[in-house]
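In what follows, a structure is listed as structure tokens, so that the remarks can point back to it.
The values are calculated or read from the model by the stated rules, or taken from the named source; none is laboratory data. These numbers come from a predicted model, not from an experiment. Note that each Cβ is placed from the backbone with ideal geometry, even for glycine, and that neighbours are counted across all protein chains shown. SASA here: full protein model, heavy atoms, side chains in, ligands and nucleic acids out. Shrake-Rupley method; radii C 1.70, N 1.55, O 1.52, S 1.80 Å.
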Amino acid sequence: MIAENIASLRQEIRETALRCGRDPDGILLVAVSKTFGAGEIAESLQAGVFDFGENYVQEFQQKRAAFGDPRLRWHFIGHLQTNKVRVLVGSVHLIHSLDSLRLAEEIHKRAGAAGVSTVDVLVEVHTTDEATKYGVPPEATVALVREAARFERVRICGLMTMGPFSDDPEDSRPSFRLVRELREAIAAEGIPGVSMEHLSMGMTHDYGVAIEEGATILRIGTAIFGRRRKREP
Ligand SMILES: *Cc1c(COP(=O)(O)O)cnc(C)c1O
């Protein structure tokens, strides 16, 4: 089932990309495996998916320990507290949720202590008016990127956002567009050590709109693994 889901998702991503004149190979699919276990991850690996997204540090730690496949890349996509940074440094491929200078400083320090030269991060932008979501406000994003860039072990590779809770994917378009424009503005500044290579946006219900608005990383759970049965911690 998972293999079929991945195949049809890839097909859909490909068609959407081509329809809006984009190269499908420039779009990375991250399988959001939170609440799912070893069996589902193994099936995805067989289908050729090596990028997995996790929201919770403890759950990430357990799964990472269970899989030794060196092709596997873990993405941390949940809210990150400074006291959990140590676990991620050196073991995660990309942190999607940098949202404060304090967190950047902690990543820099922990990387230094662990002998890790750089940690790749995306700055999470809070683009809706929902109080429940994390991220830096759009108007504070450029300043955070500038300041966080001074920590040389923190390598900023782009921006991440989530659309509003809604069934209508069009409701996500203003969020995605805003982040795309921020990315262009930051790229134009040419801040040393900062790349704006990635835009991480688009989930199961709104990835089509995200592709249209320039996403380079899609974070998709439900369309691959089905509905999450377990309650999220
Ligand atoms: C759970 C989650 C996703 C995946 O959501 P689906 O709707 O299941 O595709 C993507 N991004 C973040 C930050 C998430 O927490």
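At-a-glance table
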item	result
Cβ pairs under 9 Å, 6+ apart, first in the range 35-63 and closer than 18 Å to His79 by Cβ and open to solvent by 50 Å² or more (accessible area, probe 1.4 Å), second assigned to a helix (DSSP H, G or I) and of a type in the set (Lys, Arg)	Gln58/Lys84
Whichever residue in the range 18-27 is surrounded by fewer than 19 Cβ atoms within 10 Å (Cβ to Cβ) and not charged (D, E, K, R) and, among such residues, is farthest from the ligand (Cβ to nearest atom)	Gly21
Filtered residues of the range 73-92 (kept if within 16 Å of the ligand (Cβ to nearest atom) and either open to solvent by less than 70 Å² (accessible area, probe 1.4 Å) or more than 25 Å from Thr35 (Cβ to Cβ) (or both))	Trp74, His75, Phe76, Ile77, Gly78, Leu80, Leu88, Val92
The range 86-128: number of residues that are within 27 Å of Pro164 (Cα to Cα) and touching a Lys or Arg at 6+ places or on another chain (Cβ under 8 Å)	6
Listing of helices (runs of 4 or more DSSP H) fully contained in the range 173-233 that carry 3 or more residues being surrounded by 19 or more Cβ atoms within 10 Å (Cβ to Cβ) and away from the ligand (no atom under 16 Å from the Cβ)	173-189
Positions within the range 185-223 being more than 16 Å from the chain's Cα centre (by Cα) and farther than 22 Å from Arg19 by Cα, in sequence order	Ala185, Ile186, Ala187, Ala188, Glu189, Gly190, Ile191, Pro192, Gly193, Val194
Filter pass, Asp167 being among the charged types (D, E, K, R), surrounded by fewer than 18 Cβ atoms within 10 Å (Cβ to Cβ) and not in a helix (DSSP H, G or I)	yes
Leu178, sole failed condition from (1) free of Cβ contacts under 8 Å to residues at least 40 places away in the same chain; (2) farther than 17 Å from His75 by Cβ	(1)
